[in-house]
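J.: Below you will find the structure I want to go over with you.
Nothing in this text is a laboratory measurement; each read-out follows from the coordinates by a stated rule. Bear in mind the structure is a predicted one, so any value in this text is a computation, not a measurement. Because the Cβ atoms are built from the backbone with ideal geometry, glycine has one as well, and the counts that use them run over all protein chains shown.
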């Protein structure tokens, strides 16, 4: 089953949602969850078990469907979390969850006044936006980076392919630039390291060029 990130996925009641990320158990190379959200509403993303997804044929084309309605998605764990930490504060560890993809926004806690200057302290709170993934697993999104063993950026993740046991069999990587792009299929065995938002291959850039 091909899981193309950033594309539509159909619920059992006909509603569509967006498949934005996949969550992988790196020790087994098995996709465990899909990150599903309403289009343009990342704050409502849910962590959905891949067991609810299947491939279906519609109008002669293959698509991914969920064996549940759109309303049923609300019972699954939300993915995104926001935390605001004061200067020097650290985020509390959660025994159940690891941090997936994250972004950090610094928000100064001082404000402009009517006189054109600023009032308050120059210390800043840090607002952290991050995804929660099950302990020991990693998250990949569309455009996650793929690197060679010798440190070259090779391209970005476009899709993953899994077998009937949800194990990763191939990685589809988009290579090139705006004017010239192509998709390359790499076997899962070529991946030597899984990290959040990044994969490293066991091949150098030169070896990969000969292999494809």
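J.: For Cα pairs less than 8 Å apart in space and 6+ apart in sequence, what is the mean separation divided by the residue count of the range 2-74, i.e. the relative contact order in percent?
T.: On the way: 135 pairs, mean separation 21.9, N = 73.
This gives 30 percent for the range 2-74.
J.: Right, next: For the range 128-212, take the alpha-carbon Rg, divide it by the Kirkwood Rh, and send me Rg/Rh.
T.: On the way: Rg = 13.3 Å, Rh = 13.6 Å.
We get a ratio of 0.98 for the range 128-212.
J.: Please compute, for the alpha-carbon atoms of the range 1-65, the extent along each of the three principal axes and give them in descending order in Å.
T.: Its Cα atoms span 38, 28, 18 Å along the three principal axes.
J.: Quick check: residue separation of residue 127 and residue 90 times 0.36 nm, minus the Cα distance between them. What number comes out in nm? Mind dumping the intermediate values first?
T.: Details: separation 37, 0.36 × 37 = 13.32 nm, distance 1.15 nm.
Length difference between fully extended and current span is 12.2 nm.
J.: Still on this structure, I have one more. Report the FRET efficiency, 1/(1 + (r/R0)^6), for residue 4 and residue 56, where r is their Cβ-Cβ distance and R0 is 25 Å, rounded to 0.05. Please list the in-between numbers first.
T.: On the way: r = 14 Å, r/R0 = 0.57.
Here the calculated transfer efficiency is 0.95.
J.: Using R₀ = 30 Å, calculate the FRET efficiency as 1/(1 + (r/R₀)^6) where r is the Cβ-Cβ separation of residue 103 and residue 149; round to 0.05. Could the numbers behind the result be given before it?
T.: On the way: r = 28 Å, r/R0 = 0.93.
Step by step, r from the Cβ atoms, then E = 0.60.
J.: Return the distance in nm (one decimal) between the two label points of a simple spin-label model at residue 63 and residue 183, each offset 7 Å from Cα along Cα→Cβ.
T.: Here the modelled spin labels are 1.7 nm apart.
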